[in-house]
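Take a look at the structure set out below.
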Amino acid sequence: MYEGAIQDLVDELGRLPGVGPKSAQRIAFHILAADPADVRRLADALTEVKARVQFCEVCGNVAQEPQCRICRDPRRLPTTICVVEEAKDVVAIERTREFRGRYHVLGGAINPIAGIGPDDLRIAQLMTRLADGTVTEVILATDPNVEGEATATYLARLLVPMGLTVSRLASGLPVGGDLEYADEVTLGRAFEGRRRLSA
């Protein structure tokens, strides 16, 4: 335990996701030793992001305007929506350069243990977007874990009766992975998603 301001900084840094007590302490002492101009830039960036960044009124992605750059892009296919849990998932999919449609960010996943139900997510906004009939395909790209699967199952039950093409991202073995280290669920998914090869 440290005194005053340094302990307050360690405590606040420790509240960040993925930052444990040791990492929080290391970051705090790095900030303490850093040039004051560098610390000011960091503080300004934190203040600026809270003041200027908002969530897109259409899809829920992060944006500096009422709509994000993807929703404003007329080249994106309006007929396909990829549903993700968080805005960071949009970035991951965009890096692949495989998807040319639009997104819908739920803001999390169904997790009864944490008290998160369907009403806590942006599902009503998704249904509103689908109401006009422009969208013909919805890709469910929630995380391949228990909460993500529960969310995808819940959404599929809502969307399939609407006559939409509903698909789920394939999941299975990572490239470069060894079969002996794969868990049963991953290996099972790899079998379900197997492809026929032709000569």
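A short reminder: the numbers here are calculations on the coordinates, not readings from a lab. If you're wondering where the values come from, they're calculated on a predicted model, not measured in any experiment. Cβ: placed from backbone, ideal geometry, glycine included. Neighbour counts: every protein chain shown.
Details
Listed here are the residues, each with its yes/no results for (1) touching a strand residue (DSSP E or B) at 6+ places or on another chain (Cβ under 9 Å); (2) in a helix (DSSP H, G or I).
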| residue | (1), (2) |
| --- | --- |
| A43 | no, yes |
| T47 | no, yes |
| E65 | yes, no |
| P74 | no, no |
| V83 | yes, no |
| H104 | yes, no |
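- Looking across the stretch 12-29, the residues that are loosely packed, with under 12 Cβ neighbours inside 10 Å and either touching a residue at least 60 places away in the same chain (Cβ under 8 Å) or outside any helix (DSSP H, G or I) (or both) come down to R15, L16, P17, G18, G20.
- Any hit, the stretch 134-149, residues being outside any strand (DSSP E or B) and loosely packed, with under 10 Cβ neighbours inside 10 Å: no
- Residues that are in a strand (DSSP E or B) and among the small types (G, A, S) within the stretch 49-63 comprise just one, A63.
- Within the stretch 35-47, the set of residues being acidic (D, E) and surrounded by 11 or more Cβ atoms within 10 Å (Cβ to Cβ) comprises D38 only.
- The condition of being touching a Phe, Trp or Tyr at 6+ places or on another chain (Cβ under 6 Å) and either of a type outside the set (S, T, Y) or in a loop (DSSP other than H, G, I, E, B) (or both) holds for I93.
- Selection status of L32, surrounded by 10 or more Cβ atoms within 10 Å (Cβ to Cβ) and under 28 Å from the mean Cα position of the chain (by Cα): no
- Answer residue from the stretch 150-173, given it is assigned to a loop (DSSP other than H, G, I, E, B) and not aliphatic (A, V, I, L, M) and is surrounded by the fewest Cβ atoms within 10 Å (Cβ to Cβ) among those: G163
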